[in-house]
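To start, the structure itself, in structure tokens.
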Amino acid sequence: MIETGKVRLCAEWEFEQALYLARGISAVPKKLAGVISQGEYEKFAVSQKWLPVGPVAVITSFTLPIRVWALNGLMALACGNSVIWRPSRSATLIAYAIDTLFRRAKAQCSFYTPEYLTQILVCDHP
């Protein structure tokens, strides 16, 4: 709210939208587990398996940094990719706050996750 100059209502709306997206994205890994079905012939089967593509870059503007990261970053994480987040220079504190929340949630998770699953890249426009 302070960093981007939004009114309180807009900032709360953006955070609620990010939480809504996170709830919806939480069901994605179950859908990506893969499907095995019987083929046309008796000895053949058709399988479908989704594999991670690698690091995903998320570039956000100052207008909706939390919502855009929730949509793109969390979707990439749900698919097994790592995320490099390049926030707007006018919304870097928001990026660090969200990354801190993500690291706290990751620390409470019982599964092993790499330490630097998400990274923040702050740089000039060029």
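Assorted remarks:
- A76 being among the small types (G, A, S), open to solvent by less than 70 Å² (accessible area, probe 1.4 Å) and touching a helix residue (DSSP H, G or I) at 6+ places or on another chain (Cβ under 6 Å): no
- Search result, residues across segment 91-110 that are open to solvent by 50 Å² or more (accessible area, probe 1.4 Å), farther than 24 Å from K30 by Cβ and hydroxyl-bearing (S, T, Y): Y96, T100
- Taking the criterion of being among the hydroxyl-bearing types (S, T, Y), assigned to a loop (DSSP other than H, G, I, E, B) and loosely packed, with under 10 Cβ neighbours inside 10 Å, the only residue of segment 25-66 that qualifies is Y41.
- Being over 13 Å from the mean Cα position of the chain (by Cα) and either modelled with pLDDT of 85 or more or under 17 Å from E3 (Cβ atoms) (or both) is a property that I36 lacks.
- Identity of the residue in segment 68-103, hydroxyl-bearing (S, T, Y) and in a helix (DSSP H, G or I), that ends up modelled with the lowest pLDDT: S90
- Every residue from segment 13-24 that is open to solvent by 60 Å² or more (accessible area, probe 1.4 Å) and of a type outside the set (S, T, Y): W13, F15, E16, L19, R23
The values are calculated or read from the model by the stated rules, or taken from the named source; none is laboratory data. The structure presented is a predicted model; accordingly, all values stated were derived computationally and were not measured. Cβ: placed from backbone, ideal geometry, glycine included. Neighbour counts: every protein chain shown. Surface areas here come from the heavy atoms of the whole protein model, side chains and all, with no ligands, DNA or RNA. Shrake-Rupley method; radii C 1.70, N 1.55, O 1.52, S 1.80 Å.
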